[in-house]
């Protein structure tokens, strides 16, 4: 099978490519150049898109003895991921750029180009498993719960999964690093990338300020009483506690949290933690890793990339996915994803568009 191995320059993608080679596939490595200015992206432990990462990926391909290319997807990445990130924050939502990158870049732009070039599959270093089930290829959680990345892959469709390879899904990270050392890969001890690659200094608020400028407004309580001012509504997310700039303590002495963000009036509404509790999540643009929901299904719902799953039941209401939680959850931020599971199997996902409070659900 002809396999295109996406090589980020890290240890995971290098070992994934090595396993594809060891399995007898005809493997070609490709590094995605995603920054219009590579020097502005994170380096070392903090990045996956820098010139340093490109060099590490090329060295790994040389060790494996496979052809290697660099594909320039900087403009596509900027439009589909960076601009989407900025727009979502300016609209009062909290996006997940890694999820959007998987959807729009790695398994849309890259997979489409790979298939057009005659490749049969795209191989990545994601920690997730692919299982052949009764209705086709299924996406499952990794055996390494701490590294599991099935949440950010929940946007993939059945057709995309049919052309995907995740060789690391049955391994733990310690095993992957040990294998990299055994294979003579220089990235064996390279620290993991984390945070947002295109926010060079890790200061998301500062990045957004440079993109969107000052947008001052009021911080109010649930009755509309002004408690303080802020510089920009995009600097807040639902569930946030710190940095609220409240000029007076609450009468009940309880800490206040962001309950909602109104970007047009630039109003941040705060209240006690119990008022964050929601029982129903409304999801837009659902995507299915297999067959779509047919009626109401008991499942588990995950609402954060590294959060626990919650008992739920889900159904489609027209184009809206409705997820009713067995127990209320707090800090559910619009713009994030809700991903549904049946055991370890990913059913599908949707972008959180709204919620219903526990008291009114």
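Which pairs do you get when a residue that is at positive phi, found in region 111-140, comes within reach of a residue that is assigned to a helix (DSSP H, G or I) and surrounded by fewer than 22 Cβ atoms within 10 Å (Cβ to Cβ), reach meaning Cβ atoms under 7 angstrom, with the pair 6+ apart or on two chains? Between residues of region 111-140 that are at positive phi and residues that are assigned to a helix (DSSP H, G or I) and surrounded by fewer than 22 Cβ atoms within 10 Å (Cβ to Cβ), the close pairs are 136/158.
Checked against the criterion of being within 19 Å of the chain's Cα centre (by Cα), buried (at least 19 other Cβ atoms within 10 Å of the Cβ) and touching a residue at least 40 places away in the same chain (Cβ under 8 Å), region 219-232 has no qualifying residue. May I ask you to verify whether residue 157 is closer than 26 Å to residue 97 by Cβ, assigned by TED's automatic domain parsing to the domain that holds residue 28, touching a residue at least 60 places away in the same chain (Cβ under 8 Å) and surrounded by fewer than 16 Cβ atoms within 10 Å (Cβ to Cβ)? When the stated conditions are applied, residue 157 passes them. Of everything in region 322-334, what is under 18 Å from residue 100 (Cβ atoms) and either modelled with pLDDT of 95 or more or in contact with a strand residue (DSSP E or B) (Cβ under 6 Å, 6 or more places away or on another chain) (or both)? Give them in sequence order. 334 - this is the single residue of region 322-334 that is under 18 Å from residue 100 (Cβ atoms) and either modelled with pLDDT of 95 or more or in contact with a strand residue (DSSP E or B) (Cβ under 6 Å, 6 or more places away or on another chain) (or both).
Mind listing just one residue for me: the one in region 289-312 that is crowded, with 17+ Cβ neighbours inside 10 Å and in contact with a helix residue (DSSP H, G or I) (Cβ under 7 Å, 6 or more places away or on another chain) and, of those, nearest to residue 136 (Cα to Cα)? Across region 289-312, the extreme among qualifying residues is 290. Would you please name the residue that is farthest from residue 327 (Cα to Cα), looking only at residues in region 275-311 that are in contact (Cβ under 8 Å) with a residue 24 or more places away in the chain, outside any loop (DSSP other than H, G, I, E, B) and over 21 Å from the mean Cα position of the chain (by Cα)? Ranking the qualifying residues of region 275-311, first place goes to 297.
What do you reckon, is residue 46 modelled with pLDDT under 90, within 19 Å of the chain's Cα centre (by Cα), within 15 Å of residue 200 (Cβ to Cβ) and surrounded by fewer than 21 Cβ atoms within 10 Å (Cβ to Cβ)? Taking the combined requirement at face value, the residue satisfies it. Go through region 173-192 and count every residue that is within 14 Å of residue 125 (Cα to Cα) and touching a residue at least 24 places away in the same chain (Cβ under 8 Å). The total comes to 8. Taken over region 102-124, the criterion of being part of a loop (DSSP other than H, G, I, E, B) and surrounded by fewer than 21 Cβ atoms within 10 Å (Cβ to Cβ) is satisfied by 117, 118, 120.
When region 150-185 is filtered for residues that are assigned to a loop (DSSP other than H, G, I, E, B), over 16 Å from the mean Cα position of the chain (by Cα) and at negative phi, the ones remaining, listed by number, are 162, 163, 166, 167, 168, 169, 170, 171, 172, 183, 185.
Residue selection: residue 188 fails the criterion of being touching a strand residue (DSSP E or B) at 6+ places or on another chain (Cβ under 9 Å) and either assigned to a helix (DSSP H, G or I) or buried (at least 19 other Cβ atoms within 10 Å of the Cβ) (or both). None of 244, 259, 227 is farther than 27 Å from residue 52 by Cα and in a loop (DSSP other than H, G, I, E, B) except 244.
Any residue at all in region 247-256 that is in a strand (DSSP E or B) and either touching a residue at least 40 places away in the same chain (Cβ under 8 Å) or buried (at least 20 other Cβ atoms within 10 Å of the Cβ) (or both)? Looking for residues that are in a strand (DSSP E or B) and either touching a residue at least 40 places away in the same chain (Cβ under 8 Å) or buried (at least 20 other Cβ atoms within 10 Å of the Cβ) (or both), one finds none in region 247-256, hence no. For region 57-87, filtered to residues that are modelled with pLDDT of 95 or more, touching a strand residue (DSSP E or B) at 6+ places or on another chain (Cβ under 9 Å) and part of a helix (DSSP H, G or I), the residue that is surrounded by the fewest Cβ atoms within 10 Å (Cβ to Cβ) is 62.
Residues that are in a loop (DSSP other than H, G, I, E, B) and surrounded by fewer than 24 Cβ atoms within 10 Å (Cβ to Cβ) were ranked within region 3-39; the one that is modelled with the lowest pLDDT is 37. Candidates in region 313-333 are the residues that are in contact with a helix residue (DSSP H, G or I) (Cβ under 9 Å, 6 or more places away or on another chain) and assigned to a loop (DSSP other than H, G, I, E, B); of these, the one that is surrounded by the fewest Cβ atoms within 10 Å (Cβ to Cβ) is 330.
The values are calculated or read from the model by the stated rules, or taken from the named source; none is laboratory data. Because the structure is a prediction, the values reported are computed rather than measured. Every residue, glycine as well, gets a Cβ built from its backbone with ideal geometry; the counts of neighbours run over all protein chains shown.
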